Every structure is written in structure tokens, then in C-alpha cells.
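Structure, as C-alpha cells:
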Amino acid sequence: MHIGVLFYNIGGYHAARLRAAQFACDQRAWDLTAIQVTDQTGEHPWGNVQSWLTFPTKTLLPYADVPDETMRQFESPAAAERLNDVLKSMHLDALAIPGWGFPVSRAALEWCRQQGIPAILMSESKWDDAPRAWWKEWWKSWRYVSRFDAALVGGETHRDYLMRLGMATERIFLGYDAVDNAYFAEQVAIARRQPDIARQRQPAIPHKPYFLAVTRLIPRKNVAALIRAYGTYYQLHGPESMDLVICGSGAEEPALRNLIRQEGLENCVHLPGFLSYDALPDWYALAAALIHPALQEQWGLVVNEACAAGLPILCSRTVGACPELVHPHQNGLVFPPEDESAIAQCLSQFHKLDPETRMQWGQQSQQIVARFSPVVFAEGLMQALDCARVGKA
């Protein structure tokens, strides 16, 4: 068997999943090849990833050949056109495909249909991601979802959505959303043992305890509401308040900086910008908790990362990872993202916890996220492949 796994751009957590999948394939004497649309993006500059790529990899639109980023987007028809040429040379026996909403995903599904080989859907869509119209859901089910032979999804809400779209529950397997848990746990442990050295590497890290948000600065991430809620929290606790660090970049950054000035929070709300994959562990290591306030989020892999780093989690209930990774009053707190007073109350409630409880919550986070590891991704993928092969037999 020769298995293909398609992603848009292979970064740290994709590589961890693929390494685990390659090991699982090796155990079966199967081959695995990863396919990525492009090897470089502006949205996720992973840095030098070559050392992570221990598996065969094909790139549809390399940066060296196609420097125009608009041509290398997942939405670009150029990727779909190039995919057919690449797949013809690969002689695959099955292909795992991310979603159905992009031209390259649809082209991959159609190619599997033409070749008569299993198509595995990798999905993290859920019912509440967006308003749903019945006729669009019917079309989506008939035109795309029904043509996949099995699926690998993030959690129960994602399984439920595929079942609504007509896929049988016995064809849906869990484990899609995983990061390199060991990487974050190990790097964070080093930084916590040597906090002064971590601060030398990252001079912008505050010396006060801080809440940490790692997010894109765009409207659906709800960062403005978080800042206003933090202002309420700060009024309650004054100088004893923890700081707030919001790492990321995006179109809302100028407006958010202006909001911070208007709220008089310049000394306690920090926007250090986008963090590289290598820098993230230092910021997780010295944070008190992660807060993820998104209005809409299919999964939210930063929650995995922070759990692996041993942090308590304060999370919007609409985040896809929340039901799986955040257990209220065991490793974190959950809030409705549209309610700023609830966000402020959540910050204040965490502030009042004693250090021992915070430490216990962080330890619980690591135990919970262990069920969402790259090995579990590989196991789920193998189960989906076995199911699909039986269906094709």
C-alpha cells in the first residue's frame, strides 16, 4: 500500500502527525508520501522545517517556482491543476484529503473517484461554525461528503456534523487535531528551569504573571472583547492584576493598539507580534494560563499546545477543542465569547485561585491532551484506511 496525505503547508504539528503516520505505515510495510500545496506561506512562517521532514514529501507549488503567494493559496485553481499531474506519477492506493471546500481538495476527491481508490476525509468542521442553510447542507452532503470512504475528525462535535451530512458513524474516526505534545512539554520544562535565560531569548516577556492569548488579530478571534473584558478585570484587582499578552498579527492590530490606549492599559496589555514556532515554548512556559476567546473556531490547536505546556485553559465554549480539552474546574474555565462580563469574571475567578490549584490544573491539561497526540492521529488514520479498504473490497 502507498498512502498519500495532503496538507496545505507542512509545519510543526503536521510534521509530527506525519512522522507518527509514517511509523504506523512502516509497521505494516506500507509507504507514505506527504503532499503539500506550498512549502512557504506568509500566514505561518514555520522557519526551517527540513529537519522535520523525515518522510517523502512532494510540493505542488514550491516558492522557488511560484513566488507569487496568491498563486500558492489553498483556494488557488493552480494547486488543483498541478495536483493531477503529481498524483499521476505517484501510484497511490489511498489518499487523505483535508476538507472539501477548496479546489485542491475537490480535485483530490475527484481523482480518487476516477482511480477507484479510497478517499479519507480529514475534517474539523462543526455545525456551529457558521449559519447553515438546509439546501447548502444537502448539496454538500450529496456532492462531496457522500463520496468519501471514511473520515478522520477532531472530536465528537466534528463527528456529529459529518453524521448530519449523512456519513455513517462507523466510518468516522477520531484523532485529526494533534500537535507535537512532547516538543512543547520538553521545551517548556527547560524554560521553566531557566526563566532568566528564557527572558534573555524573549526580552518582551513580562516579569509579572500574565494571561496569554496566541491568535490572529482578526474579528472572529474576538480580541477586542478580550481587551475590554481585561479592562474590567483590571479595575477589580488593580496593581495585583496579572498582565495580558496577546501574541499574533493581523488586520485588526492598529485598532487593537488604539483600544489599549483608550482603555489606559498600555502598561499591562502587551502585543509582541507574531511568534515563531521556536519562540512559543518560552512564552507558554512563563504564562499563568492560556485564554482563547474566539467567536468561531473549528478546533484551535493553540489549546493543544498550551495543554501540552502544562497551562490551565480559559476558553470560549465555541472553540472546537473546548469540549475535548477543557474540563471546567479540572484544568480550566469556559465562557460564552459574546459576553464580555463573563470573560472578565473568568479572568477574575482564575486570579483568585491559589498557586497549588493552578499547578494542578496545568498538570491535568497535560494528562487530558495526551489523548490527542500524533500517535492517536496515526491510529485514527490507520483505522479510517482499514474501514475504507473494506468498503472498496
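The values are calculated or read from the model by the stated rules, or taken from the named source; none is laboratory data. Every value quoted in this text rests on a predicted model; they were computed, and no experiment measured them. Positions of Cβ are generated from backbone atoms using ideal geometry, with glycine treated the same way; all protein chains shown enter the neighbour counts. Just the protein is used for accessible areas: all its heavy atoms, side chains included, with ligands, DNA and RNA removed. Shrake-Rupley method; radii C 1.70, N 1.55, O 1.52, S 1.80 Å.
Could you list all residues from segment 163-183 that are part of a loop (DSSP other than H, G, I, E, B) and either open to solvent by less than 50 Å² (accessible area, probe 1.4 Å) or touching a strand residue (DSSP E or B) at 6+ places or on another chain (Cβ under 6 Å) (or both)?
Leu165, Met167, Ala168, Gly175, Tyr176, Asp177, Ala178, Val179, Asp180
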>> I'd like the residue in segment 253-293 that is among the hydrophobic types (A, V, I, L, M, F, W, C) and open to solvent by 50 Å² or more (accessible area, probe 1.4 Å) and, out of all such residues, is nearest to the chain's Cα centre (by Cα).
In response: Phe274
> Across segment 214-252, which residue is nearest to Ala204 (Cα to Cα) among those that are acidic (Asp, Glu) and buried (at least 17 other Cβ atoms within 10 Å of the Cβ)?
Replying inline: Asp243
>> Tally up the residues in segment 161-219 that are aromatic (Phe, Trp, Tyr) and in contact with a Phe, Trp or Tyr (Cβ under 6 Å, 6 or more places away or on another chain), please.
In response: 1
>> Yes or no: segment 320-327 includes at least one residue that is touching a Phe, Trp or Tyr at 6+ places or on another chain (Cβ under 9 Å), assigned to a helix (DSSP H, G or I) and not small (Gly, Ala, Ser).
In response: yes
> Looking at Gln36, Gln22, which is the one that is open to solvent by 20 Å² or more (accessible area, probe 1.4 Å) and of a type outside the set (Lys, Arg)?
Replying inline: Gln22
> Name the residues in segment 337-359 that are open to solvent by less than 30 Å² (accessible area, probe 1.4 Å) and within 15 Å of His292 (Cβ to Cβ), would you?
Replying inline: Pro337, Ala342, Ile343, Cys346, Leu347, Phe350
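Going residue by residue through segment 316-331, is there one that turns out to be more than 16 Å from Ala225 (Cβ to Cβ), among the charged types (D, E, K, R), at pLDDT below 95 and surrounded by fewer than 24 Cβ atoms within 10 Å (Cβ to Cβ)?
Checked segment 316-331: no residue is more than 16 Å from Ala225 (Cβ to Cβ), among the charged types (D, E, K, R), at pLDDT below 95 and surrounded by fewer than 24 Cβ atoms within 10 Å (Cβ to Cβ).
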> Based on what the data block shows, is Gln187 open to solvent by 50 Å² or more (accessible area, probe 1.4 Å) and over 21 Å from Gly300 (Cα atoms)?
Replying inline: no
